[in-house]
1. Could you go through the range 290-302 in sequence order and give the Karplus-derived ³J(HN,Hα) for each residue, using 6.51 cos²θ - 1.76 cosθ + 1.60 with θ = phi - 60°, rounded to whole Hz, and x for Gly and Pro?
2. Can you work out the FRET efficiency for the pair K37 and D353, with r the C-beta to C-beta distance and R0 = 35 Å, to the nearest 0.05?
3. What's the Cα-based Rg to Rh of the range 1-159, Rh via Kirkwood?
4. Could you calculate the contour length gain from E311 to K66, that is, 0.36 nm times the residue separation minus the distance between their Cα atoms, to one decimal place in nm?
5. For N165 paired with A59, estimate the spin-label separation in nm (one decimal), with each label point 7 Å from Cα along the Cα-to-Cβ line.
6. For the chain, what does -39500 (n - 2.57) per DSSP helix run (n ≥ 4), summed and divided by total residues, give at 222 nm, in deg cm²/dmol to the nearest 500?
7. Please tell me which of these pairs span more than 26 angstrom C-alpha to C-alpha: K197/K340; K66/K340; K185/K307; K175/K257; K141/K307; K175/K307?
8. Arrange the following residues from fewest to most other Cβ atoms within 10 Å of their Cβ: R43, R288.
Amino acid sequence: MRIIVAGGDGFCGWPTALYLSRKGHDVAIIDNLARRKWDIELRSNSLTPIASLQERVEAWKRLTGKTIRTFIGDLTHYDFLCEVMRQVQPDAFVHFAEQRSAPYSMIDREHAVFTQVNNIVGTLNVAYAIRELAPDCHLIKLGTMGEYGQPNIDIEEGYIEIEHNGRKDVLPYPKQPGSFYHLSKVHDSHNLMFISKIWGLRVTDLNQGVVYGLHTDETLMDPVLINRLDYDAVFGTALNRFIIQAAIGHELTVYGKGGQTRGFLNITDTVRCIEISAEHPADRGEFRVFNQFTEEFSVLDLAEKVKRVAEQEGYMVNIANIENPRIEKESHYYNAKNTKLQELGLEPNLLTDDVIRGIFRSVLEHKDRVILDNVMPTVKWG
Ligand code: NAD
Ligand code: USQ
């Protein structure tokens, strides 16, 4: 297939582009390199030293003989996007290219507005460009499990059957997102559900949980291909942050009580889920939702797992329940369905102690790059 990976310079997009290319697909990356600029804005960095996108694709070509075309530009620039669509004529468009940090979206008004404009306008442009230039193309859009929030009932995959006053219907599952970022994903989902219906587009919305790990078989092929790894309080995510904190002797920053429960998955499963979705396209006019995670953990569970493994490796670790900078439930019911991707062939790589140990050892190699000032949270919701 000809596949565009938008956001292909990022944490999920880069390993996905490599994986799909290795599987024989003709891959083209779109990215505006904004994520690298946000590091500069936040005086932060990736724990791993990442090469430029050009160096990355040149190394890939040298190692495998495969070409990944790159288009540097912004999805909110419609003319640029249309030009890429004309050149690539994609069968599938994998859309990772959004501002994805909840804390970043909560910094202030400017960051909230930027996040929603970047994400919602970008997605709307992608949908228009598909309609205009490649109407049969399958849009595989990254959403988030956080669209659902933490309701006191089981979470279904996108839709729920409701009986009300004696009548029944299957309706979009209620959304209770917890940040302006998570809200942007809800707005995207609503736009795409509407658009798939009126224009007959093929859309898969992947409500992904929190991703952990950094390596895939492909990113391990050469140091130039190494993936980015965020540890700071704005872009770093729970499990990866805890592992890095353990490696540098920092207390593990469990926010509040730590009963916050989320769906998690390994980056190796992210890339496979994209492949599975591409291999089984949505029908014309179908807006399909898959919950993309493999296991559920509370953040306190994760901190305890990391502490155990790090101590086996000879590192002493303290878990600190620090003041929660977010406004969120700290103990709640959580039971989300995730069978659809497994029915299509996903075999989950679960979070064993050996997996944590592997990430921990990789992190130790780069721990001197941590900028300590960036570890504790500073962005508050209230
Ligand atoms: P990332 O920030 O590492 O990568 C996103 C990439 O998109 C960056 O390279 C950035 O430069 C690019 N980008 C952003 N806005 C753009 C625009 N307007 N035009 C072109 N390029 C743009 O993020 P990630 O962790 O790889 O996440 C990828 C997607 O997966 C996001 O949509 C995110 O919401 C979703 N997701 C991520 C996680 C996670 O734990 N990382 C979990 C669930 C869902
Ligand atoms: N948390 C801590 N300590 C930390 C960091 C986070 O206790 O040091 C807690 C948070 O308060 C929250 C939970 O861990 O309750 C998850 O936070 P996170 O920062 O790991 O993840 P989140 O903000 O939800 O965002 C991340 C990605 C986002 C994606 C989302 C999937 O940045 O792009 O959409 O995970 S989900 O959580 O399913 O919505």
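Where a number appears in this text, it was derived from the coordinates with a stated rule and is not lab data. Keep in mind that what you see is a predicted model, and the values were worked out from it rather than measured. Cβ atoms come from the backbone with ideal geometry, glycine included; neighbour counts cover every protein chain shown.
1. 10, 8, 9, 7, 10, 8, 10, 9, 7, 5, 5, 3, 5
2. Working: r = 37 Å, r/R0 = 1.06.
E between K37 and D353, to the nearest 0.05, is 0.40.
3. Numbers: Rg = 16.5 Å, Rh = 16.8 Å.
For the range 1-159, the value is 0.98.
4. Contour length minus the Cα-Cα distance gives 84.0 nm.
5. 6.2
6. -11000 deg cm²/dmol
7. In this structure, K66/K340; K185/K307; K141/K307; K175/K307 lie more than 26 Å apart at Cα.
8. The fewest-first ordering by Cβ neighbours comes to R43, R288.
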